[in-house]
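**Student:** One structure coming up, written as C-alpha cells, with questions to follow.
The values are calculated or read from the model by the stated rules, or taken from the named source; none is laboratory data. It should be emphasised that the depicted structure is a prediction, and the values quoted were computed from it without experimental measurement. Neighbour counts run over all protein chains shown; Cβ positions are idealised from the backbone, glycine included.
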Amino acid sequence: MKSIKKRFADKQRLVCGVAAGMATQFGWSCFWTRCAWLGALLINPGLSLLVYFVLALLVSDWKQRI
C-alpha cells in the first residue's frame, strides 16, 4: 500500500500525464487528483477514459502556458 501511495504522489506521469498536469495547472495534490480519476474510472469507465484521453491532448497546451 505504501508503494502505491508513493507512486500516486509522484509527479512523474503514469499513463498520459493528465492527473499530474491537472494537479500542476490548478495547484492540487497529485495524489488526490489521481484518486479522483481512479474513482471516476471505476464508476463510469467508458466516459472517464474518453475524457481522460481528450484531456491528454490539452496537457501539452497547459505545459506551454506554464
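**Student:** Tally time: how many residues in the range 50-66 are surrounded by 14 or more Cβ atoms within 10 Å (Cβ to Cβ) and at pLDDT 80 or above?
**Tutor:** 4
**Student:** Next question, about the same structure. Between a first residue in the range 23-36 that is under 14 Å from ARG13 (Cα atoms) and a second residue that is surrounded by fewer than 16 Cβ atoms within 10 Å (Cβ to Cβ) and of a type outside the set (Gly, Ala, Ser), which pairs have beta carbons less than 6 Å apart while being 6 or more apart in sequence or on different chains?
**Tutor:** CYS30/LYS11
**Student:** Filter the range 4-24 down to the residues that are surrounded by 15 or more Cβ atoms within 10 Å (Cβ to Cβ) and touching a Phe, Trp or Tyr at 6+ places or on another chain (Cβ under 6 Å), then identify the one that is nearest to LEU55 (Cα to Cα).
**Tutor:** VAL18
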